[in-house]
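These notes concern the structure reproduced below.
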Amino acid sequence: MPMADAVFEGGGVKGIGLVGALEEMEAAGWQWRMVAGTSAGAIVAALVAAGYRATELRDILEDLDYREFEDESYIDRVPIIGQVASLLFEKGIYEGDYFESWIRQLLGRKGVKTFADLCANGPHALYPHRLQVLVSDITESRILVLPSGLEHYRISADEFDVAHAVRMSISIPFLFEPVKHSGHYFVDGALLSNFPVWLFDRRPEQPGTPDPPPRCPTFGFKLVDPDEGAPNEIESIIDYIKALIITMLESHDKQHVEDADFLRTIAIPTVGVRITEFSITPEKRTRLYESGRAAAREFLRTWNEDAYIRRARVPASPKHRKERRQYRERIARQTARMIGSRAYTNPRSGG
């Protein structure tokens, strides 16, 4: 069976398409060594790392009512001013508790609680754990990779709760309350790095030299939106907030992807589904899932591992790395100001 690493892009409800593509790749015989994801991609990655197959995830999604994730506190239910007050005092409309309980239950069925249950196998693993979750630390304006980045906060990686890590990664700004941990505010990883396909790349021993050949391919599962997507309907403050979130997070889909990354990217059309479309219809859900399957079939038709290895050894340009770092810093500063994080005191680049 061929082995690969997998990186799943974030995209809220659009993550249904990721599972469709995953099913097609597994049907072709691919198995997963290391997995990573941001936001909705972190959900898929965590469940894959726990041992779920794509066909199991498909069944879970068929029974899932995304509207259950819109869990409100007592403040939110106050007529007229409730949700505005929740934004001001809790920094988000929805609690996120239902989601965390849901993902914890699914992980528990496979015997996974902490990252100690997801230790990497084999001597050549780049990380001690086979799951990596991307989170945005808006207190320090840095991208955080969990659990490897926990040493920065003097927290044990092995003891850290996997469900809590995923909850941190899906904290869409303003929609879900941010997670406060160790005096820092954490939000959706998609804010700073929505498609970290570079995460499992081996680094050269000397700067400026070609990257060493990958020990196995890394496949990126990327959600792409049609240009003719419908405009956002804004009739209330909540519509405005959702439109702001969509504009902020979906802009990642329009960013340039380097040539080397195209060779390993499964581009999944999202058939007009939006990040926050929690009331998605069964018909639209099926269309998105089948879109993922079709995208994976097309990818496999043209996949050439030799060409990928040759191209993957070309180092990223200093200009691209600088632009990516500056973009992360700018977005993190803006979000910290809007959310009103009092802990935002020491902005620092995450690389």
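See the values below:
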| read-out | value |
| --- | --- |
| Listed peptides 104-110, 17-23, 269-275 by packing density, highest first (mean Cβ within 10 Å) | 17-23, 269-275, 104-110 |
| Potential extension, D117-E151 segment - 0.36 nm per residue separation minus Cα distance | 10.4 nm |
| With DNA, RNA and ligands ignored, accessible area of D71 (1.4 Å probe; Å², nearest 10) | 30 |
| Accessible surface ranking that places the most exposed of S291, S182 first, with a 1.4 angstrom probe | S182, S291 |
| Simple label model, 7 Å out from Cα along Cβ direction - W303 to C216, nm | 1.2 |
| Simple spin-label estimate for F262 and L244 in nanometres, 7 Å along Cα-Cβ | 3.6 |
| Most to least packed among 151-160, 112-121 [average Cβ atoms within 10 Å] | 112-121, 151-160 |
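The values are calculated or read from the model by the stated rules, or taken from the named source; none is laboratory data. These figures come from a predicted structure and were not determined experimentally. No Cβ is skipped: glycine too gets one built from the backbone with ideal geometry, and neighbour counts run over all protein chains shown. Side chains are part of the model used for accessible areas, which takes the heavy atoms of the whole protein and leaves out ligands, DNA and RNA. Shrake-Rupley method; radii C 1.70, N 1.55, O 1.52, S 1.80 Å.
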